[in-house]
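A short reminder: the numbers here are calculations on the coordinates, not readings from a lab. None of these values were measured; they are calculated from a predicted model. Positions of Cβ are backbone-derived with ideal geometry, glycine not excepted, and every protein chain shown enters the neighbour counts.
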Amino acid sequence: MPHPQLITRFAPSPTGLLHLGHAWSAVLAHDLARAGGGRFLLRIEDIDTGRCRPGFTQALIEDLRWLGLGFDAPPLLQSTRREAHAAALARLAGMGLTYPCFCTRADIAQASSAPHGMPPVYPGTCRALPAEEAGRRMQREPHAMRLDVEKALALSGALSWQDALAGGVEADPAAGGDIVLARRDIGVGYMLAAVVDDGFQGISRIVRGRDLFEATHVQRLLQHLLGLEPPQYLHHALLLAEDGRRLAKRDKAETLASLRAGGMDGKALADRLRAEPPEGPDRHLPKPEVHASNMHV
Ligand code: GLU
């Protein structure tokens, strides 16, 4: 059954202040919903308690207001959805598709051969543990839970998804290896939490940067395994910093909060972003100027 309604979302993680790339993504998701008479929702992906800060959540809500992007329900805090995430994990475990992983980051980096700069693909070390040993170690050792992707694929068969820019895409979840469903520190992981909550919020179009294109392969598989209706996608181009690198929170890219504090007109900025086509090469936008007429003085 297709989704009855057009619903899009913006799903930032409050681990830092938002930058222009986030603003563009939010504008695209917001406008797509508005153009189709649909709804635009906000989900705060705050499961990583060590890195998320309520102050960043506050700031991003103010950023959206400043940009003139209204959302149609109170924001969903992903941290309130732990039971649903645990239930989904239990369901996959009940299907025999998960296994505990006791490897540390260092173990994985050593055992896998990822091209330089790419996250290592898990080599499957703990998949081979005898069930009895795995069960015993689970009682006393910290562990993550992983998806046995080959087993899952044997169950699902071939899958695909529709992307507004890339067209029909064959899902290739095996390329990412046995991804982490539940991290050892917080008991859940991004891939599973996002799929479960997109389903819960009834998201029918996922608009996000093409840096998350690869995540869609395995998210499509998880949707299938959990019996969720697949959304359609729009993976848009990325904005680059002046030096040509991707904007990133960790690089302290110029933040929306600083532009806001500097007196820039947020709605004018949103219009400037609307003028950019979402397809085509990643690009650098000339630094938006703060005109005297924009100043809130
Ligand atoms: N929370 C993720 C991020 O801030 C985005 C998740 C998504 O759009 O699926 O990068």
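Quick notes on this structure:
- Where no second cysteine Cβ lies under 4.7 Å, the cysteines concerned in the chain: C52, C103
- Most mobile of I108, I179, I47 in a GNM of the chain (Cα contacts under 10 Å): I108
- Helix-derived mean residue ellipticity, 222 nm - over the chain, DSSP H n ≥ 4, -39500 (n - 2.57), to 500: -11000 deg cm²/dmol
- Net charge of Cβ neighbours under 10 Å - reference W161; Lys, Arg +1; Asp, Glu -1: -1
- Net charge contributed by nearby residues that have their C-beta within less than 14 Å of F102 (K/R +1, D/E -1): +3
- Relative contact order (percent, whole number), the range 1-143, Cα cutoff 8 Å, 6+ residue spacing: 20
- Net charge over other residues, Cβ less than 10 angstrom from the Cβ of S79 (K, R count +1; D, E count -1): -1
- Based on alpha carbons, the Rg and Dmax found for the range 157-205 are 13.3, 37 Å.
- Stokes-Einstein D for the range 138-297, Kirkwood Rh over Cα pairs, 25 °C, 0.890 mPa s (µm²/s): 132
- Comparing E141, E279, E229 in a Gaussian network model of the chain (Cα springs below 10 Å), the most mobile by mean-square fluctuation is E141.
- The relative contact order of the chain comes to 23 percent, based on Cα pairs under 8 Å that sit 6 or more residues apart.
- For the range 50-104, the fraction of C-alpha pairs farther apart than 18 angstrom is 59 percent.
- Inverting the pair-averaged 1/r between distinct Cα atoms of the chain gives 20.6 Å as its Kirkwood hydrodynamic radius.
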